[in-house]
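Working notes for the structure below.
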Amino acid sequence: MSDSETVAPRRDFMRTVGVGAAAIAASAVGVRAAGALPVESPPDEAWLARITGKHRQFFDAVSANDGWPIAFATTFIRKNMEAYGLKQSEITSIIGFRHMAVPLALNDAMWSKYHLGKFLNITDKSTGAPALRNTFYNVKPGDLPMPGLSIDQLAALGGFFTVCDAALTVLSGMAAGAAGLPAAGAKAEWESNLLPHFYVVPAGVLAVNRAQEYHCTYCFAG
């Protein structure tokens, strides 16, 4: 494929990312300032109670990054156990999915219905077409950089996840048209189809802060 043939798709994808970034930022600073939403009760921060290990790290994922956020968080657990003989209970590994990484928190049904592979420019390597399943969960051979690094396998090691509500709101609204739904209906459906071990937080940047207040070290995961 020539350079001229590849530049346009890249531009389209970056344009999508840029629109998503602007919309998420606007929702974070503008909606409540305009008085459009009622004051809500404090969010559930039950996920913080799971930060109990002596060695704690928060992996900040703003994109799918070909599955490397999952690889980093899994490696943190496994190598602590293998190299230092630590118990699983001594290690806390969290991935915070925010910005364009949020759809990784959704099950296969949502990926299919909302054409999320096309939305995120993620190809199903088993078909060569835009992914209609979450290729980071219950994976097939070749989906991820290395075997044993899926979301469900990380959860089995004690890892868990936060997902940004601000991005969930904006991205579900952007993808709603592909499913023929209004934005509010898409948001409700995405919320009810989150994978296990995911905790919705008001904003991904708040999760970064709360995790560090609970003495987690920080790792940017792409």
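We did not get these values from a lab; they are worked out from the coordinates using the rules stated. On a predicted model such as this, the values are computed, not experimentally measured, just so you know. So basically every Cβ, Gly included, is an ideal-geometry build from the backbone, and we count neighbours across all protein chains shown.
Just report the Cα centroid separation between region 174-222 and region 114-145, whole Å.
Distance between centres, Cα-based: 19 Å.
For SER89 paired with GLN212, estimate the spin-label separation in nm (one decimal), with each label point 7 Å from Cα along the Cα-to-Cβ line.
Going from the SER89 label point to the GLN212 one covers 3.1 nm.
Spin-label point model (7 Å from Cα, Cβ direction): what's the THR52 to VAL205 distance in nm?
Inter-label distance under the simple model: 3.3 nm.
Given R₀ = 45 Å, what would the calculated FRET efficiency be for MET81 paired with ALA184, taking r from the Cβ atoms and rounding to 0.05?
Given R0 = 45 Å and the Cβ-Cβ separation, E is 0.55.
On full extension of the chain, what length is gained from SER126 through ALA109, given 0.36 nm per residue of separation minus the C-alpha to C-alpha distance?
Values: separation 17, 0.36 × 17 = 6.12 nm, distance 1.76 nm.
Result for the pair: 4.4 nm of gain on full extension.
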